[in-house]
1. What order, most packed first, do the peptides A:479-487, C:285-293 have when packing is the mean number of other Cβ atoms within 10 Å of each residue?
2. Counting only residues 5 or more places away or on other chains, whose amide H sits under 5 Å from the amide H of C:GLY213 once H atoms are built in the peptide plane?
3. Charges at C-beta only: +1 for Lys and Arg, -1 for Asp and Glu. How large is the resulting dipole of the protein assembly as shown about its Cα centre, in Debye rounded to 20?
4. Can you tell which of B:LEU144, B:GLY24, B:SER181 lies farthest toward the positive end of the dipole of region B:13-209, using +1 and -1 charges on the Cβ of basic and acidic side chains (Lys, Arg; Asp, Glu)?
5. Please report how far the C-alpha centroid of region A:416-452 lies from that of region A:133-208, rounded to the nearest whole angstrom.
6. Among the listed pairs A:LYS541/A:LYS862; A:LYS197/A:LYS735; A:LYS209/A:LYS920; A:LYS202/A:LYS344; A:LYS862/A:LYS920; A:LYS344/A:LYS758, which are separated by more than 29 Å between their Cα atoms?
7. Can you give me the C-alpha center-to-center distance between region A:269-344 and region C:13-34, rounded to a whole angstrom?
8. Let me have the relative contact order for chain C, percent, based on Cα pairs under 8 Å that are six or more residues apart.
Amino acid sequence: MTRGYFDPIEEIDTSPTVSDEIKYTTCYMCACRCGIKVHMKDGGIRYIEGNRDHPVNKGVLCAKGSAGIMNHYSPARLTKPLRRVGERGKAEFKEIEWDEALELASTWLSDIRETDPRKLAFFTGRDQSQALTGWWASQFGTPNHAAHGGFCSVNMAAGGIYTIGGSFWEFGDPDWDLTKYMLMFGVAEDHDSNPIKAGLSKLKSNGAKFVSLNPIRTGYSAIADEWIGIRPGTDGKFVLALVHELLKADKIDLDYIVRYTNLPWLVIENPGHADDGLFARGVDGEPICWDTGTNQAADARLAGVSPALTGTFTLEDGCKAVPAFSLMATRYLDESYSPESAEKETGVPAHTIRRIAAEIADVAFEQQIEIDQPWTDWAGRRHEKMIGRPVSMHAMRGISAHSNGFQTCRAIHMLQILLGSIDCPGGFRYKPPFPKPAPPPLKPTGKPDQIVPNTPMPGPPLGFPAGPEDLLVEEDGTPRRIDHAYSWEAPIAAHGMMHMVITNAHNHDPYPVDLLFMYMANMSWNSSMNTSGTKEMLTAKDEKTGEYRIPKIMYADAYFSEMVAYADLVLPDTTYLERWDCVSLLDRPICSAECAADSIRQPVVEPDRDVRAFQSVLIDLGSRIGLPGLTNEDGSPKYPGGYPDYLVNHERAPGIGSLAGWRGEDGKSHGTGAPNKRQLDKYVENGCYWEHEIPLEQQYFKHANRDYLEYAASVGFIGSANQIILQVYSEPLQKFRLAAQGHGEVQPPDEHRERIEKFFDPMPIWYPPFEGEAIDTNEYPMHALTQRPMAMYHSWGSQNAWLRQIHGANPLYINRQTAEIHDIEDGDWVWVISHHNRVKAQAKLMEGVNDATVWTWNAIGKQSGAWNLDPDSPEARKGFLLNHVISELLPQRGNGFRYANSDPVTGQAAWYDLRVRIEKCGADESDVSEPQFATLEPPEALPKRPGILRYGRMYSRTFKKGGGG
Amino acid sequence: MTQIPQNTTGKKLGLVIDLDICVGCHACAVNCKEWNTGGHSAPLPDNNPFGDNAEGVWFNRVHTFECGNGADSRTVHFPRSCLHCEQPACVEVCPTGASYKRAEDGIVLVNEDICIGCKLCSWACPYGAREYDGDAGVMKKCTLCIDRIYNENLSEEEREPACVATCPANARHFGDLGDPSSEVSRMVEERGGYDLMPELQYQPVNKYLPPRPKSTGYEEERPQRLTPINPTSENEDAGGLFPWLDRVLSR
Amino acid sequence: MHPAYSVIIFTTFSGAGYGLLFLMGLFAAGQWIEPDRWFGFTGFFFAFTMIVSGLISSTYHLGHPERAWRALSQWKSSWLSREGVLAVAGFGPFALFAFGWVILESHDGAWRLFAILTVLFAVLTVYATSMIYATLRTIRAWFNPHTVRAYLAFAIWTGSIWFNLLTHLFDLHTPGIGFIVLASGILIWWFKRKYWMFLDGSPSWVSPNSATGLNDLGPVRLLDSPNTQENYIQQEMGFKIARKHAVKLRRWAFLTFFLIPYCLALMTVEAEAWLKIPAAILAVGFVMVGTMIERWLFFAEAKHTVMLYYGAEDS
Ligand SMILES: Nc1nc2c(c(=O)[nH]1)N[C@H]1C(S)=C(S)[C@@H](COP(=O)(O)OP(=O)(O)OC[C@H]3O[C@@H](n4cnc5c(=O)[nH]c(N)nc54)[C@H](O)[C@@H]3O)O[C@H]1N2
Ligand SMILES: Nc1nc2c(c(=O)[nH]1)N[C@H]1C(S)=C(S)[C@@H](COP(=O)(O)OP(=O)(O)OC[C@H]3O[C@@H](n4cnc5c(=O)[nH]c(N)nc54)[C@H](O)[C@@H]3O)O[C@H]1N2
Ligand code: SF4
Ligand code: SF4
Ligand code: SF4
Ligand code: SF4
Ligand code: SF4
Ligand SMILES: [Mo]
């Protein structure tokens, strides 16, 4: 083509080289664990894209993942270990060398370990290395360990694991391909960020109906075929009304119930006695049913029995017993579960509830699907087809972050079970290593005899209590853990209660700790309730001694977060692109319903600062203080190569290690097998993940699928290949309840009896969330919620130059009509006032929100100066943090005791129980959000904030041409 | 010549965006930024990246709208980038010829080497698709990922725009809208794909697929409630449990 | 639209400059004025200064002023390019016209031809300037016949106020000049009034519904912007002026660009001799300020369709 003055044709290089090297690893801009392909060019990161082969994301990448480069090069990255020199909270530090830092940390740690290991409270946040950190805590000998689950979604985890031996959260999925009807409860993002989006898209293009229950209509709810703007905290009532409708019309899957659940089991009816409400058991402890074939009691687990579902039976010992089914049906048929009564609480019209019930019954029973795939059940019987009831459900924190979340979660699972839609085609599907026995036979450790100085605990800190005997309490019922997990305040706190640690440590309740060691949790800001109070507690000093109430705080973060300011010793971590990591099957793996999988991260660039990967530091510390699992006989470190060394060579149990792929010396086995020296190379060669496809005949009915169960047992997912029976009626709960009634050895203190008795119902119940019951709802008529923005990850996205342009500040969203009543217009400043505190925010009116609900995006507001942002940044001046108005304690009761603002069963933080009122600000009030805190000065070594960012300039044509510029 | 060229091939490359399944996640916007800041138009700078008034160059931005009032309202997420119009006034107004539309595939581009940064093209674009790089003093815009779609260093399946490749909801599609038999044209046909602001007659190549109507009634002809089973006279006292009284079920 | 000061200054001054040249050309061509050297010199000095400084100021908003010459290439399609070409090409005839007048003190023969060409180029250049705006379909306030009329009328009106002053200064004033001044004053008043009536009265032709294509779903409102702080598009096109303010400013503009200069111009015709020159000077001052206010409003009141994506309800 000619090129001339009037014809300035541009010559375009349509085939530029994209990279001179490609490295695969795993994204960690959030916990979804997508596979990424990192293009390296001229020594920099040119582009990060999704790995098309990866089982999680299949090539796509979300906004956060796409912005990874900006986190990696953020000016908020810490650069060197820091030792506090000023007052806590002021971020006055001096830089120290790693040797000094590790020396200091080891001294602190060994002093504690030699005297009272419980004085170490080791809590980790949004990490994916709990398989390591939990084990490390055990090795250290402290029960005071947990990760973020307690403030996150333990209600879902526990509700699921005690009921179906699996869970929503990221541990199970709707059968996106085959489902014809999906109910989604309270999900804005979940940890399955990309898979949910892909799934919803698939579901919608297949013509399935998607119903979203959510007080707020954004994101997923926006594309729902039907949005139900339910009143917060009332989903349990809604679900049980559906159950009521289905039972009344006999639209339940009896075959499924009889085969796979404990509803046919006989429950003892012996009011006032120690066995009331427990399962009737045979001589060997086996649960029994009433076999209508032989007309006598029989082992309820036997194949071939014909259990009665109704009736009262007298057992050999004279005891009366009824099938659990009968108890269940009697309860939910009662008119107190009618759609009309649900309408009052939920605000959802009764006719809508009725219609939804009719719709799901129609889909489940009139539109059942069949897959021509023979399979063998647990009893060895072959079935020619897989029958599916294509109704699926998914639920997350909209359910779990309420004080009734555990029971509501159980209600949803019960609904699924009655429809026969757990792990069937078109229904909910377990992801390996689930299902596990409900609950798994793993108990929390930390009883008095299990804590010995200089000695590892005999088991992991976290587990699943099956009754009061498994609690970690003193004789008088006092909690043994600093977070009060597994005490009468939260008996099934299966993930611990990280949100209570600072409060309790400050109050020395039940005892003082010496060192608070935290990792990757912004506890002085967005992951604490009562943030202002938390900041005070972190800096509070003992009046007499002048010492901090929490004497030492050690913290590992990669960035200059709000929490860094409160640490006495800061261990700077690498970014996710600079380290080895492991997403283990022992922790929160990347499996899908079709495959077992795990993955790693590999360093794609070397750190350009004096930082070290936290896991390696933890292993180093462990060796320095002589933890047996980390030290050889001769005292030398067992894993001198740090975390990668540990990943390959550490065996949890013989043949079982962090990674399941390419095990055995030859790398030919998976699941179990001897360590393989070349294991990490194999992962790297395979794009940093390993995957084992589950054959189709094992893909459904995993809880009762012989071939799957045998496989799962062989690779150590479960202890034995026994059928996993779905526990609609939960005996462990009844055991706690019996204790509350005065039976058994381990007894709750009197003040807890009533609460345990009421909430440990063995069958799902609904009750109003606590905060609303404890305050005057006329004074605080509104609910206040947060949601995760899809393009931000908690607090750590705000340092990202790209993402913060999308969410630089967060408004308070208010229903338009509600706002009009208060004379509030877009942009007006308003006070959000709870029983605890108040915050000032800027209003934004919208249609798609329940009229009694206000909400905002989570964790956008920042303390001025944190994250190396300009103190004038909108995050600090316009953004706000709702956490200030959420109290970690419920209002005082008659006897002065204040329960945690948590679910009574699991201790899950009840973020969304919050009640508020809104008031328009006066004209004389400033246009700045409140509360405001003193500006944090970033440590000196952090880079200056650039006035303009030209990322990618080195790849531009002119840069190449000019060689500079 | 910044006159609109005669299309030589009949090819009209563009995007089809499905508003029915876009969840508003901004992935397309950020991935676009990421690709392009090191691509043909590199860099896409950001002013005050860590301060107040942060703003940068983005070729794709995602808006959220609400339509209607109260119970009848709905939320629609709306990604917006250059539509590669067939009558792009942005090209016509350009005094230097920096803005041009390619004859062979219809892609509208800016030649940064001759752009004087007069910004007139951004005034002429109704859709806000032009992004001024004040640092380099030139106009930039969506290139339809011209350095990806023909890139021989990428595998066949990777030769699509970054925003399309990354969209987790599969709400974005790329293809030849000039070919009626192409996948994208078929989609437009089936789903009633439409133009933005057709009254301005820019004839955008990119098309939007409308959100599907909401169904609250599921299927109208199906029952709107379940029929309770009524007890017969002999099982009236079974406390409601009569449907399951004599059921013989085997485990 | 964000009022771009460089563009406001440019259009005001170059408009006045071309207006002045136009009148000088017209009067020379018609031989209605003597080719007085010093009058010519002063006239050309002011006209050229205004045109050139206008042009220079217009390059201030360019990202690459050093490439400005490239803007001459697209005269086939771009009005901005045409304006540039005309502006540059016009300097030939202007210079020759000025040469004839100032150096040779002649309006005859070929020099007369250059006067005619000057008239032509002046009109065409201002026309081209106005067409830059008048062809933007994205801006209803500009995409209408009023735009061209107003630009041309403003050029003549401001030019005539200058012409009035200079002829008074050099004692070359004639009743014909007074008539032209007063007539173009009426014209500008009429056009601007019509324009504002049009702006207030004509409906927006695009809406958030047609911008998004979500026509059948009820009123469309922006819930969330793609970015929480303003981007280039919002800064450039998102300028909003409250109705109250606009009305007030229109009054001020009307006073300053029309009413006051008009009265002052009347004074220069009717009032006592000693008042004429000060009045003429004041008139120039007011008309230039007034025109800038008017131009500011021309931008400030113009709504760009793109803002429909950023929360505007109409355009
Ligand atoms: N109001 C309200 N509050 C909430 C919630 C809510 O919904 N509403 N949600 C709650 C829930 S579920 C959760 S999980 C919590 C989350 O709250 P946090 O766990 O506090 O989450 P982040 O803000 O992501 O902070 C984690 C910290 O990890 C650091 N970090 C990031 N990457 C790395 C790394 O590679 N290495 C190291 N060492 N550190 C790193 C970050 O800098 C940050 O300081 O918030 C809780 N708080
Ligand atoms: N982009 C992004 N992804 C994330 C995170 C992030 O910060 N950013 N964080 C990760 C973490 S730690 C977690 S725990 C998960 C959480 O993922 P989600 O469970 O999706 O978390 P939330 O954003 O808290 O969303 C809760 C939803 O429940 C709704 N809701 C609140 N109360 C009720 C109620 O009573 N009933 C019903 N039906 N709905 C209710 C809220 O409106 C909101 O839409 O997300 C993970 N993924
Ligand atoms: S969802 Fe996004 S941020 Fe999370 S791992 Fe995947 S790509 Fe990364
Ligand atoms: S990536 Fe896809 S779903 Fe997300 S905003 Fe863009 S088009 Fe919508
Ligand atoms: S969308 Fe705007 S920039 Fe793109 S071709 Fe059309 S007018 Fe030009
Ligand atoms: S800014 Fe550049 S591309 Fe746009 S019209 Fe001006 S010269 Fe052309
Ligand atoms: S086609 Fe390429 S340049 Fe255009 S919006 Fe998509 S990613 Fe951005
Ligand atoms: Mo979480």
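FYI, it's all coordinate maths here, none of it is from the lab. No experiment lies behind these values; they were computed from the predicted model shown. Neighbour counts are summed over all protein chains in view; Cβ atoms, including those assigned to glycine, are modelled from backbone coordinates with ideal geometry.
1. The most tightly packed comes first, giving A:479-487, C:285-293.
2. Answer set, sorted by chain and number: B:MET197.
3. The calculated dipole for the protein assembly as shown is roughly 4180 debye.
4. The residue sitting most towards the positive pole is B:GLY24.
5. Taking the Cα centre of each part, region A:416-452 and region A:133-208 sit 12 Å apart.
6. Listed pairs above 29 Å: A:LYS197/A:LYS735; A:LYS209/A:LYS920; A:LYS202/A:LYS344.
7. With region A:269-344 and region C:13-34 each reduced to a Cα centre, they are spaced 107 Å.
8. 25 percent
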